[in-house]
Amino acid sequence: MNPRLTTILMIIIAAALIRVMPHPPNVTPIAAIALFAGAYLPDRRLALIVPLAALFLSDLLIGFHDTMVYVYAGMAITVFIGAAISQRPTILPAIAASFSASVLFFLVTNYGAWVGSPLYPQTPEGLMTAMTAGIPFFRNSVLGDLFFTAILFGGFQFVQQILLTGKQASGVR
């Protein structure tokens, strides 16, 4: 395996381990992992498999629930958002992608909480109630996604500039 791919996979594994540590609700690195994998793994199948495997392995420890299919769908979409910035995975596109992924994940998972749920009537009003019920969790998701996206993308840029190429950082670009 080449050093670049090894570094990318090690960053993903380290971030995935953070999910099983104590953390505030919805402040996890999983979305950032999906973005990062989509942006940096050249094999699109691997870019999809690695974050979903990280999610699955951590779910084995944390537990599963009835709407997991929507969580996994949200993460798959996030990988594709990461792939969309793969030609220019710098911090500003990564932050925009992170926020977009957070919004899409919110919509997909809250839709999943509404579908077939006895908690919400299966009406447009019930869907809006389900979406509204998810708002308190959205703030933490956005903050966690942005924080971990900055760590993963910024950390990899640091590793590339300093360790892999042996060059000194020349400042912020």
- Query: Which one of Phe148, Phe99 is touching a residue at least 24 places away in the same chain (Cβ under 8 Å) and more than 23 Å from Met21 (Cα to Cα)?
  - Reply: Phe99
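Give Leu61, Leu143 a once-over and let me know the one that is in a helix (DSSP H, G or I), loosely packed, with under 15 Cβ neighbours inside 10 Å, hydrophobic (A, V, I, L, M, F, W, C) and modelled with pLDDT under 95. Walk me through how you get there before you give the answer.
Working: Leu143 fails: modelled with pLDDT under 95.
Matching residue, one of Leu61, Leu143: Leu61.
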- Note on the structure: Picking from Asn110, Asn140, the residue that is of a type outside the set (Gly, Ala, Ser), in contact with a Pro (Cβ under 7 Å, 6 or more places away or on another chain) and within 24 Å of Ala76 (Cβ to Cβ) would be Asn140
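Of everything in region 107-133, what is part of a helix (DSSP H, G or I) and more than 17 Å from Val69 (Cβ to Cβ)? Give them in sequence order.
In the first step, residues of region 107-133 are kept if they are part of a helix (DSSP H, G or I); the result is 107-114, 124-133.
Passing the criteria: Pro124, Glu125, Gly126, Leu127, Met128, Thr129, Met131, Thr132, Ala133.
How many of the residues making up region 85-96 are without any contact (Cβ under 8 Å) to a residue 60 or more places away in the chain and touching a helix residue (DSSP H, G or I) at 6+ places or on another chain (Cβ under 7 Å)? Steps first, please.
At the first step, the residues of region 85-96 found to be without any contact (Cβ under 8 Å) to a residue 60 or more places away in the chain are 85-88, 92-96.
Subsequent filtering for residues that are touching a helix residue (DSSP H, G or I) at 6+ places or on another chain (Cβ under 7 Å) retains 85-86, 94-95.
Adding up the residues that qualify gives 4.
Out of the residues in region 101-131 meeting the condition of being among the aromatic types (Phe, Trp, Tyr) and within 25 Å of Ala31 (Cα to Cα), tell me which one is surrounded by the most Cβ atoms within 10 Å (Cβ to Cβ). Walk me through how you get there before you give the answer.
Applying the first criterion (among the aromatic types (Phe, Trp, Tyr)) to region 101-131 yields 105-106, 111, 114, 120.
Within this subset, residues satisfying the condition of being within 25 Å of Ala31 (Cα to Cα) are 105-106, 111, 114.
Numbers: Phe105: 26, Phe106: 19, Tyr111: 17, Trp114: 23.
Filtering first and then ranking leaves Phe105.
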- Note on the structure: Note on Leu57: of the conditions (1) more than 16 Å from Asp145 (Cβ to Cβ); (2) free of Cβ contacts under 8 Å to residues at least 24 places away in the same chain, unmet is (2)
- Query: Within region 1-41, which residues are under 21 Å from Ser100 (Cβ atoms), outside any helix (DSSP H, G or I) and of a type outside the set (A, V, I, L, M)?
  - Reply: Asn26, Thr28, Pro29
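The values are calculated or read from the model by the stated rules, or taken from the named source; none is laboratory data. Just so you know, these numbers come straight off a predicted model, no measurement behind them. Neighbour counts run over all protein chains shown; Cβ positions are idealised from the backbone, glycine included.
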